[in-house]
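The values are calculated or read from the model by the stated rules, or taken from the named source; none is laboratory data. Note that the coordinates shown come from a computational prediction; the quantities given were computed from them, not determined experimentally.
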Amino acid sequence: MLKFLTTLDGLVIVLICLVFWIGVAALATYLLWRFIPESARSNAGSFVGPYIVTSGSIFAFLTAFLINSEYATLKSAQSYVGQEVAAATQVAAASSTLTPPDAERIQDTMTVYLNSLPTAEWNALKLGKPEISPSDRLLSDLQHQVYALSDSYPASTAALNAMSSGVEEMTQARRQWIVLASSTIPAPLLLLSIFGGIVLLVNALVLGTVHGRRYSLVSSGLVLMVALNIAVILAITAPFRGPFVTKSAPISQLVTEIQDGAFAPWIKDR
């Protein structure tokens, strides 16, 4: 269920959360007016009052913790994309010092791999099945191409060392975002946040029963706040699916630069 929710559009997530929390508030209001006698409402209000601040603070802490944690995961995934692009740029720049045939072969192989990331790789991670992505095989092809150059160039060549180092960093970055893609929000913490939101709403609604039905409208803002907090958590909890995903634009930009000959000085010299 949680995985399904995180694949939905942001507006849909917000609407689902609003419907759920409005339903919770409506049900709680009905039960409070149905089962709390009018003579006991004043005492109930004085009993619940001191707890509303506590329940509000606990809910704010839990949701803030989850939002910060999930946002950090999203930022980490984006940083590994940046690491991948930086390492690929290093490989492309180093390859430009080789002979044109070798450089073109390396850059063409790397372009095929990089093009697979925003499409096949991202889709596989969205489905939670990184093993179906062809990017692993394409990256292995690039590694073999780089290591095979040792037969044609001295092992101490600076370009080969830089390319080997860059390919290793590309592999590490890809493995890191695969790990992040498989991580999920801790279900107990999410359920605890939802329970905290319910307690907070019930406390506010009990206070509303002390002053009459029209004062219960004050809780509408609280319902909106709780719903939006939970919606934000669901929206950012998966770095490769949902409304907030890891951006692949830096990868596409590098591919464009390679295809435009930014790392092919022999073309510019013609």
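Anything in the range 235-270 that is in a helix (DSSP H, G or I), within 14 Å of Ala93 (Cα to Cα) and at pLDDT below 90? List them, or say none.
Selection gives Pro265, Trp266.
Rundown of residues vs (1) at pLDDT 85 or above; (2) of a type in the set (Asp, Glu), yes/no style:
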position	(1), (2)
Asn43	no, no
Ile58	yes, no
Ala77	yes, no
Tyr80	yes, no
Glu84	yes, yes
